[in-house]
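K.L.:
Please see the structure below; I have some questions.
The values are calculated or read from the model by the stated rules, or taken from the named source; none is laboratory data. As the structure is a prediction and not an experimental result, all values here were calculated from the model. Because the Cβ atoms are built from the backbone with ideal geometry, glycine has one as well, and the counts that use them run over all protein chains shown. Accessible surface is based on the protein model in full, side chains and every heavy atom, while ligands, DNA and RNA are left aside. Shrake-Rupley method; radii C 1.70, N 1.55, O 1.52, S 1.80 Å.
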Amino acid sequence: MDFRLSEEQEFFKQTVADTVDRLIMPKVEEIDRTDEFPWDLWKEFTGLGYLGMRYPEDIGGMDADPVTCMLFYEELARASVGFAQSVTMNMLMGSYFLFRFGDDAIKERCLLPALRGEKVATICFTEDQSGSDIGATRTSAKKVDGGWVINGTKNWITNGPLADFATVVATTDPTKGAKGLNFFLVEKGTPGFSPGQVLHKLGCRGTVTGELVFEDAFVPDQNLLGEEEGKGIIYLTEILNEVRCMTGAMAIGIARTALADAVEYAQKRVAFGKTIGEYQLIREKFARIATEMEASRLLVHSAAWKIAAGQNPRNEAMMAKYHATEMCIMAVDEVTRIYGANGFAEEYGPQRYFRDARFLLYGGGTHEVLKNFLGKEVLAGRWRS
Ligand SMILES: Cc1cc2nc3c(=O)[nH]c(=O)nc-3n(C[C@H](O)[C@H](O)[C@H](O)COP(=O)(O)OP(=O)(O)OC[C@H]3O[C@@H](n4cnc5c(N)ncnc54)[C@H](O)[C@@H]3O)c2cc1C
């Protein structure tokens, strides 16, 4: 067993960290304050070629292994989870099904520009009445001569209002629930496809989230992304492990920054004649955060390593997402306490980490849903440590 990163991974991590410190960190507070999509930063950062990192070199990628990708997601979220959300949407869920099923024309027109940051991508599952329960999707795709006609409204879509194209989950047979679902590519400019209401969020500011509306939006046959109708939910499982690990890596990124700030604060802030870091109850918080963070990283990296090894670590990826996110929520809460009243002030970072961390609770499965599944696995004897 060897837990070390390779020299290449160490070098990559340091390079990304330096880039994040130089380009993103100085803009983080402004992005949070203005809640505007940082187009200049987007162009500068995406121009560095990271967006295609998980894809093969012949399409402009780096062929990076999943553990290396986790290092990238962690560093990105260490600065801004909102910006990280927009970037990772282009890298993973927004581009995966085009890579997997798109024909050459689709790849040329949408995938390659998205990996260069020239086009903004997204994926749409969620609707007003269906989130976790994806089988309740109402957006429909009806077969017509030469293609499909899509109707419905998606909500809570990351990058949605800015997107140049969307991978849309729609049912071709509502009587089949999750087994009737398919992915369709819908491009900006398609008649009947339009952005709806933009949401105002508690955190992850600077990433634009909102509705996408489909009113008799026609797409040609080749825009059905998948070899067989009704297999969408199976195709989704191919990428879900990686998405869950990514969320875990982002949780570690936020918690790291919160912890680093708190270390500095606890060494300076004086109460009753001593710096607060000298009190045992404050030290316990640091011990707990650091330990849980280390455990989270081991879970994330080991699940990512299993993906790289060609395994299907479904349970481990769920555990990694669930544990790392709960660690992050705990850590940012404790850090606001270490800051006292200043943890409640907009002038300091902790309130932002506190707001941003909440986002990680939902994507890749809520923790109630994940725990329900994991509990069932354990009880059925399908998981053993
Ligand atoms: C910032 C942000 C960005 C997002 N971006 C996207 C995006 O780009 N694309 C997209 O499609 N969606 C996106 N989402 C939506 C996200 O995927 C959903 O929030 C998530 O799937 C949960 O669905 P829901 O919010 O409708 O909650 P629900 O599914 O309605 O759940 C409500 C509550 O019920 C619980 N619950 C549900 N089912 C069960 C069960 N079986 N057992 C126990 N408890 C249960 C949940 O855990 C939760 O506590 C985004 C959300 C946020 C906050």
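K.L.:
Scan segment 350-360 residue by residue and report those that are open to solvent by 30 Å² or more (accessible area, probe 1.4 Å), within 12 Å of the ligand (Cβ to nearest atom) and of a type outside the set (D, E, K, R).
P.N.:
Answer for segment 350-360, where residues must be open to solvent by 30 Å² or more (accessible area, probe 1.4 Å), within 12 Å of the ligand (Cβ to nearest atom) and of a type outside the set (D, E, K, R): just Phe359.
K.L.:
So Phe272 passes all but one of these: (1) among the aromatic types (Phe, Trp, Tyr); (2) surrounded by fewer than 14 Cβ atoms within 10 Å (Cβ to Cβ); (3) modelled with pLDDT under 95. Which condition number does it fail?
P.N.:
Among (1) among the aromatic types (Phe, Trp, Tyr); (2) surrounded by fewer than 14 Cβ atoms within 10 Å (Cβ to Cβ); (3) modelled with pLDDT under 95, the lone unmet condition for Phe272 is (3).
K.L.:
Just to be sure before I move on: is Phe344 near the ligand (Cβ under 9 Å from one of its atoms), within 30 Å of Ile276 (Cβ to Cβ) and open to solvent by 20 Å² or more (accessible area, probe 1.4 Å) in the structure I sent?
P.N.:
No, not satisfied.
K.L.:
Between residues in segment 151-173 that are on the phi > 0 side of the Ramachandran plot and more than 9 Å from the ligand (Cβ to nearest atom) and residues that are part of a strand (DSSP E or B) and not hydrophobic (A, V, I, L, M, F, W, C), which pairs lie under 7 Å by C-beta distance while being six or more apart or on different chains?
P.N.:
Partner pairs satisfying both residue conditions: Gly152/Glu127; Gly152/Ser140.
K.L.:
Tally up the residues in segment 188-213 that are surrounded by 19 or more Cβ atoms within 10 Å (Cβ to Cβ) and more than 24 Å from the chain's Cα centre (by Cα), please.
P.N.:
1
K.L.:
Phe72 - would you say it is crowded, with 20+ Cβ neighbours inside 10 Å, within 15 Å of the ligand (Cβ to nearest atom) and touching a residue at least 40 places away in the same chain (Cβ under 8 Å)?
P.N.:
no
K.L.:
Which residues, taken from segment 108-137, are within 14 Å of the ligand (Cβ to nearest atom) and in contact with an Asp or Glu (Cβ under 6 Å, 6 or more places away or on another chain)?
P.N.:
Correct list: Val120 only.
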